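Novice: Below is one structure. I have some questions about it.
The values are calculated or read from the model by the stated rules, or taken from the named source; none is laboratory data. Just so it is clear, the model here is predicted, and its values are computed rather than measured. Glycine gets a Cβ as well: all are built from the backbone with ideal geometry, and neighbour counts include every protein chain shown.
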Amino acid sequence: MSTDRVTIVQRNLERFLTSASAASHRLDPDRPVREGSSLTPRRALEVFEDQLLSRMADVEARRLKATGQSFYTISSAGHEQNAVVGTHLRVDDPCFLHYRSGGLMMARARQVPGIDMAMDTMLSVCASEDDPTCEGRHKVWGSRRLWVPPQTSTIASHVPKAVGAAFAIGRARRMGVEIPVPDDAIVCCTFGDASANHATALSGVQAARYASRRGNPMPVLFVCEDNGLGISTDTPRRWIRETFGGLGHLRYLEADGHLPDVWQVTEEAVRLCRATRKPTFLRLVTVRLWGHAGSDIELAYRSRAEIEQSEALDPILRNAARLIELGVATPTELAEMVRSVRERMRVAADEAVTRGHLDSAERVVAPLAPYDEAKVRAEAEGAATPEARRELWGRELPEEATAPVKRTMAAHLSSAMADEMLRRPEVLVFGEDVGRKGGVYYVTAGLQKRFGQSRVIDTHLDETSILGLAQGAGLLGLLPIPEIQYLAYVHNAVDQLRGEASSLQFFSNAQFSNPMVVRIAGLAYQRGFGGHFHNDNAIGGLRDLPGLILAVPSRGGDAVRMLRGCVATARACGRVVVFLEPIALYHQKDLHDDGDEAWLFDYPTPGDVLLPGEIGGYGEGPLLIVSYANGLHMSLRAQRILAREHGIDSRVVDVRWLNPLPFEALRREATDARAVLVVDECRRTGGGIAEAVVADLAESGYRGTLRSVRAPDSFVPLGPSANKVLVQTEDIVAAAVEIASAVPA
Ligand SMILES: Cc1ncc(C[n+]2csc(CCOP(=O)(O)OP(=O)(O)O)c2C)c(N)n1
Ligand SMILES: [Mg+2]
């Protein structure tokens with residue numbers, strides 16, 4: 001049925017142009033179409049042509065779908081007035097777009113010579129390897145040259161990063177850091193009316209208003225493309241106005257009607273946003289033609305009369321009528337334009353289907369996780385000048401400090417953050433309570449005093465917005481190091497990492513990146529305090545993200561060296577890194593006995609670094625114990641007990657990097673071991689690393705005994721019962737003794 005409606009809508013336009021009469025007058029191509037308007041016939045015809053390009057791209061996508069040659073049929077048909085937004089924006093205004101913003105894209109491409117958006121769009125819907133945005137990996141509007149980072153299909157998930165980018169424009173200036181867009185750029189973010197209800201959209205709009213309320217420039221233009229439907233569910237009339245029309249710190253405008261009317265309001269919205277640097281919301285009234293997507297049977301939930309009503313409001317039909325009436329063009333001229341745009345798109349489509357597709361897994365994954373070790377090492381090993389460091393630290397550099405209190409992991413990380421901020425003016429630290437308080441565990445203490453409020457920001461309480469800011473700032477060339485207060489609370493916003501941040505290089509063929517190092521305080525072992533939400537040991541949701549690096553230090557010195565490696569990897573390769581700091585080890589001083597202070601370490605001198613994949617090892621013996629974080633601490637305790645009380649010698653390995661797992665290094669370690677015991681403080685099934693490590697060793701031909709100690713699949717209760725669901729040192733000893741007795745030395 002949708003194909004029929006495509007034909008019907010096209011025929012409506014043709015019939016109209018055949019039967020319409022030309023106006024009795026003809027407007028001068030460069031005089032305003034009406035008094036006070038900046039719209040001239042010349043510009044109006046350009047917009048109309050962009051709208052036709054968008055429309056014909058939809059027509060061709062559906063034609064090719066019928067023969068299995070195109071793979072994307074969510075169309076912009078009925079939304080083409082968004083081309084007007086594209087006309088009023090500059091090409092250096094970053095855009096984060098709804099999947100129906102085809103007209104906007106066409107109008108934007110017009111501003112850049114040498115871009116053939118008809119061809120590019122056809123390559124994209126055919127998932128061709130020649131698609132310049134992402135070699136066919138996905139299709140939601142994107143272009144490097146047009147400053148449009150491609151978006152995922154997750155509705156509204158791009159709103160927080162658009163807000164983050166708008167914030168970063170103003171912030172970069174305050175930080176004195178050059179970014180790739182001018183100071184007066186604005187950010188445009190389009191989305192649908194149903195999407196406007198989504199928590200993520202509301203999160204973004206709220207963040208923009210909040211930041212603006214606090215006096216920050218927030219040049220973001222939200223454009224709600226309101227077609228009154230979210231697939232089959234209607235949006236109540238006036239809902240968008242009722243929801244966003246009366247909010248403080250958000251200017252609200254509505255654009256409806258013919259081209260000249262939409263032109264005027266849109267121009268005003270862009271002008272206001274640019275001039276005032278304040279969040280602006282434009283409701284653009286649209287209709288949806290041809291159902292939600294090619295596969296949608298619209299008649300199942302809408303009557304024919306309703307469908308015909310939408311078709312009567314086809315913006316292309318209405319604009320054509322208006323342009324003829326105004327004397328901008330004759331019906332014959334518009335008919336000729338329709339014919340030539342259709343022909344152009346058809347030629348592009350026929351060419352696009354001849355192109356190939358990515359033909360190997362290697363090619364598909366190539367941009368997923370760029371890594372250049374030499375570049376990363378050079379970045380990691382650099383440091384600020386000795387003079388600058390002396391000036392920052394005063395008499396005593398952190399590596400010269402002797403008092404034990406200075407040598408816990410928390411203290412070291414705090415110094416490492418200061419060192420990174422000193423040598424990299426583009427580092428931006430933010431999160432809940434990171435400024436005045438210094439973070440939940442004081443890791444960022446003193447940074448705001450040292451580096452100022454422009455670089456160390458207390459955000460409002462919303463993890464989605466924090467990760468949105470990280471993406472926007474990273475996209476614009478800053479180096480964000482946000483803090484999430486607890487592991488449990490990243491899950492609250494994890495789509496911003498899962499769906500968005502970690503997929504950007506893949507879906508843009510590494511033409512865009514959003515480097516960041518997300519610091520998260522997490523894991524358990526807080527002696528019963530805090531309950532599950534402060535003792536969360538669920539890392540599965542981060543471990544299965546392709547491209548995301550998950551770093552988990554266990555020792556204070558390593559934490560510094562790893563942080564250097566992480567920041568360098570983000571900087572040099574645009575990667576998304578999660579740096580998970582074990583809360584229970586922040587202030588840990590002792591290892592074996594109370595007061596032994598064997599868990600205090602020296603501050604590594606600048607240049608001493610650990611890069612992704614570099615594991616650690618302690619002791620020698622036929623038993624290999626593989627662990628990380630709190631498990632590493634316990635394994636080292638177990639190692640001494642095993643040697644002293646059971647005559648079992650072992651080597652303990654610190655995995656350090658939990659995604660991707662350093663399989664090869666672990667296989668090497670296991671080569672001479674008679675048995676391998678994996679000590680995993682995270683959940684038994686899917687949550688931890690034991691499954692993967694054991695499976696890899698087994699599959700790679702390891703012949704010794706394999707065993708693991710893991711936490712049960714449980715949440716962590718409050719009080720002493722917590723230890724019942726957490727791996728204990730005694731469990732490690734018992735498992736090691738059991739394997740040793742099974743495997744003769
Ligand atoms: C988070 C999320 N949930 C559900 C979907 C499935 N889905 C795709 S589009 C859509 C409706 C969106 O409606 P609206 O925002 O009004 O945009 P429109 O398609 O009408 O332009 C839904 C539910 C999705 N893509 N993302
Ligand atoms: Mg809608």
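Novice: What number goes with the only condition from (1) closer than 24 Å to Ala690 by Cβ; (2) polar (S, T, N, Q); (3) within 18 Å of the chain's Cα centre (by Cα) that Asn535 does not pass?
Specialist: The single condition Asn535 does not satisfy is (3).
Novice: Now for a separate question. Just for the range 561-574: of the residues that are touching a residue at least 60 places away in the same chain (Cβ under 8 Å) and either of a type in the set (Ser, Thr, Tyr) or closer than 16 Å to Leu632 by Cβ (or both), which one is surrounded by the fewest Cβ atoms within 10 Å (Cβ to Cβ)?
Specialist: Here the answer is Met562.
Novice: Among residues belonging to the range 263-287 that are more than 28 Å from the chain's Cα centre (by Cα) and among the charged types (D, E, K, R), point out the one that is farthest from ligand 1 (Cβ to nearest atom).
Specialist: Going through the qualifying residues, I end up with Arg271.
Novice: Being within 24 Å of Val6 (Cβ to Cβ) and either free of Cβ contacts under 8 Å to residues at least 60 places away in the same chain or within 16 Å of ligand 2 (Cβ to nearest atom) (or both), is that true of even one residue in the range 143-150?
Specialist: No - not one qualifying residue is present in the range 143-150.
Novice: I'd like the residue in the range 620-665 that is in a loop (DSSP other than H, G, I, E, B) and of a type in the set (Val, Ile, Thr) and, out of all such residues, is farthest from Gly688 (Cα to Cα).
Specialist: Of everything passing the filter in the range 620-665, Ile648 is farthest from Gly688 (Cα to Cα).
Novice: Any residue at all in the range 261-269 that is surrounded by fewer than 22 Cβ atoms within 10 Å (Cβ to Cβ), farther than 24 Å from Asp50 by Cβ and without any contact (Cβ under 8 Å) to a residue 60 or more places away in the chain?
Specialist: Within the range 261-269, none of the residues are surrounded by fewer than 22 Cβ atoms within 10 Å (Cβ to Cβ), farther than 24 Å from Asp50 by Cβ and without any contact (Cβ under 8 Å) to a residue 60 or more places away in the chain.
Novice: Further, regarding this structure: Do we have any residue at all in the range 97-118 that's within 16 Å of ligand 1 (Cβ to nearest atom), touching a Phe, Trp or Tyr at 6+ places or on another chain (Cβ under 7 Å) and at pLDDT below 95?
Specialist: The answer is no; no qualifying residue exists.
Novice: Among the listed residues Gly176, Gly170, identify the single one that is surrounded by fewer than 22 Cβ atoms within 10 Å (Cβ to Cβ) and more than 20 Å from Ala275 (Cβ to Cβ).
Specialist: Gly176
Novice: Please state which one of Gly472, Gly499, Gly468, Gly477 is small (Gly, Ala, Ser), touching a residue at least 40 places away in the same chain (Cβ under 8 Å) and on the phi > 0 side of the Ramachandran plot.
Specialist: Gly477
Novice: Looking at the structure I just gave you, is Ala384 in contact with a helix residue (DSSP H, G or I) (Cβ under 6 Å, 6 or more places away or on another chain) and in a loop (DSSP other than H, G, I, E, B)?
Specialist: Spelling it out, Ala384 is indeed in contact with a helix residue (DSSP H, G or I) (Cβ under 6 Å, 6 or more places away or on another chain) and in a loop (DSSP other than H, G, I, E, B).
Novice: Could you please let me know if Gly204 is within 28 Å of Ala168 (Cβ to Cβ), out of contact with any Ser or Thr (no Cβ under 8 Å at 6 or more places or on another chain) and either part of a strand (DSSP E or B) or more than 12 Å from ligand 2 (Cβ to nearest atom) (or both)?
Specialist: Answer is no for this residue.
Novice: Pairs, please: C-beta under 9 Å, at least 6 apart or cross-chain, first residue without any contact (Cβ under 8 Å) to a residue 24 or more places away in the chain and in the range 165-189, second surrounded by fewer than 21 Cβ atoms within 10 Å (Cβ to Cβ) and assigned to a helix (DSSP H, G or I)?
Specialist: These pairs meet every condition: Asp183/Gly170; Asp183/Arg173.
Novice: Take the residues in the range 138-163 that are assigned to a loop (DSSP other than H, G, I, E, B) and of a type in the set (A, V, I, L, M, F, W, C); name whichever of them is farthest from the chain's Cα centre (by Cα).
Specialist: So the residue we want is Leu146.
Every residue, every condition in (1) buried (at least 22 other Cβ atoms within 10 Å of the Cβ); (2) part of a helix (DSSP H, G or I), yes or no:
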{"residue": "Val376", "(1), (2)": "yes, yes"}
{"residue": "Arg390", "(1), (2)": "no, yes"}
{"residue": "Arg395", "(1), (2)": "no, no"}
{"residue": "Met417", "(1), (2)": "yes, yes"}
{"residue": "Met421", "(1), (2)": "yes, yes"}
{"residue": "Val434", "(1), (2)": "yes, no"}
{"residue": "Gly439", "(1), (2)": "yes, no"}
{"residue": "Leu467", "(1), (2)": "yes, yes"}
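Novice: Among Val159, Val187, Val163, which is crowded, with 24+ Cβ neighbours inside 10 Å and either on the phi > 0 side of the Ramachandran plot or within 16 Å of ligand 2 (Cβ to nearest atom) (or both)?
Specialist: The unique qualifying residue is Val159.
Novice: Give me the pairs: first residue in the range 220-245 and hydrophobic (A, V, I, L, M, F, W, C) and in a strand (DSSP E or B), second residue at pLDDT below 95 and within 14 Å of ligand 1 (Cβ to nearest atom), beta-carbon distance under 8 Å, and six or more apart or on different chains, which are they?
Specialist: Close Cβ pairs (under 8 Å, with a partner that is at pLDDT below 95 and within 14 Å of ligand 1 (Cβ to nearest atom)) amount to Leu229/His292.
Novice: Follow-up question, since we're still on this one. Check the range 282-303 and report whether any residue there is out of contact with any Asp or Glu (no Cβ under 6 Å at 6 or more places or on another chain), within 22 Å of Gly468 (Cβ to Cβ) and aromatic (Phe, Trp, Tyr).
Specialist: No, the conditions are met nowhere in the range 282-303.
Novice: Has the range 246-253 got any residue that is over 26 Å from the mean Cα position of the chain (by Cα) and within 12 Å of ligand 1 (Cβ to nearest atom)?
Specialist: no
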